[in-house]
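What follows draws every value from the coordinates through simple rules; no lab data is involved. Note that the structure is a prediction, hence the values are computed from the model and not measured. Methodologically, a virtual Cβ is constructed for each residue, glycine included, from the backbone with ideal geometry; neighbour enumeration extends over all protein chains shown.
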Amino acid sequence: MVNLKKQFEEISDRQKSIIILGLDPKTVNERKICLELSRLKQGLVGVKPNLAFYQTHDGRINLLKISKNVGPNLIRLLDLKSPDGAATNNAAFKSYAKHYEHVTVAPAAGCTADTIYKANALGLTTTSMGAMSFPGVLREIDLGLPLFKQRVDIAIKHGTSAFVMGATSFVPEADIENTMLKYRNLKNDMPITIEDMSDGELYSALQGRNELFKYILEKTEGTEILFLVPGFGRQGGKLENFLASGIELNRCLINAGSDILKSDDPQKALLEMSARFNTSRYL
């Protein structure tokens, strides 16, 4: 099994980048762009296609093409995140283990340890769900923060190689009220779970997510566990807020997705974003 941390360190030093390219095509043109970008050999440490966007016969062929284009010299992370049992995830593991060395997982409650075990048995590392940034998770955090922490503990105990840590999932205390207002202004796009929360509950949930974020940092300190970070760019992630949590940028794979795919010049946008984050690593 490939050691994700060692692979990341070697590639990021060579490539002068911590960017992993999220390949989530929603249109025919974006599918073409994904194939083109997967041939790039500079500006990124790897690729992360999301299986949900490759479910057709042609899509699955594209997944194999992407893997071949990238080759073994960059990180090949397949974004599964199937909220299912270990048996279902295991079928997907077997299908792609020859083409991707790493997978993201979001197993159903009670299946965390078994899912990680089955992935590892096939030579796959796992990236587990950590502090998620989408608003809908806040109600569940408010009601069951200890459960989130327990699943983190189980994932660490059984050998997860990374956690997903959303770029907007840590909100500095001074910015919590502005974040609450932003969520309230989502209106029709706001998850019903948020809409039904009082200001007090929402405030408590945001603090709870901060607590979960810090808990993961504490529990992974001194380990080889890395962080996969989506949410910069269009999703509103601010680097200064993210770093205020105390997280080390050198342990982060920064996910670049729609900002790159939807730009007029995807290759140029990728190289510019890579240079910006690479500079921030040494500040």
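Against the test of being assigned to a loop (DSSP other than H, G, I, E, B) and touching a residue at least 40 places away in the same chain (Cβ under 8 Å), the options Lys81, Lys48 yield a single qualifying residue, Lys81.
Residue-by-condition table, conditions (1) of a type in the set (A, V, I, L, M); (2) in a strand (DSSP E or B):
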| site | (1), (2) |
| --- | --- |
| Asn120 | no, no |
| Ser128 | no, yes |
| Ser133 | no, no |
| Leu145 | yes, no |
| Lys149 | no, no |
| Val164 | yes, yes |
| Asn178 | no, no |
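Where helices (runs of 4 or more DSSP H) sit wholly within segment 182-266, those with at least 2 residues that are touching a strand residue (DSSP E or B) at 6+ places or on another chain (Cβ under 9 Å) and touching a residue at least 12 places away in the same chain (Cβ under 8 Å) occupy 199-220, 239-243, 258-261. When segment 104-118 is limited to residues that are among the β-branched types (Val, Ile, Thr) and part of a helix (DSSP H, G or I), the one that is nearest to Gly200 (Cα to Cα) turns out to be Thr112.
Here is a yes/no grid of residues against (1) crowded, with 16+ Cβ neighbours inside 10 Å; (2) among the hydrophobic types (A, V, I, L, M, F, W, C):
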site: Asp114; (1), (2): yes, no
site: Gly123; (1), (2): no, no
site: Leu138; (1), (2): yes, yes
site: Gly144; (1), (2): no, no
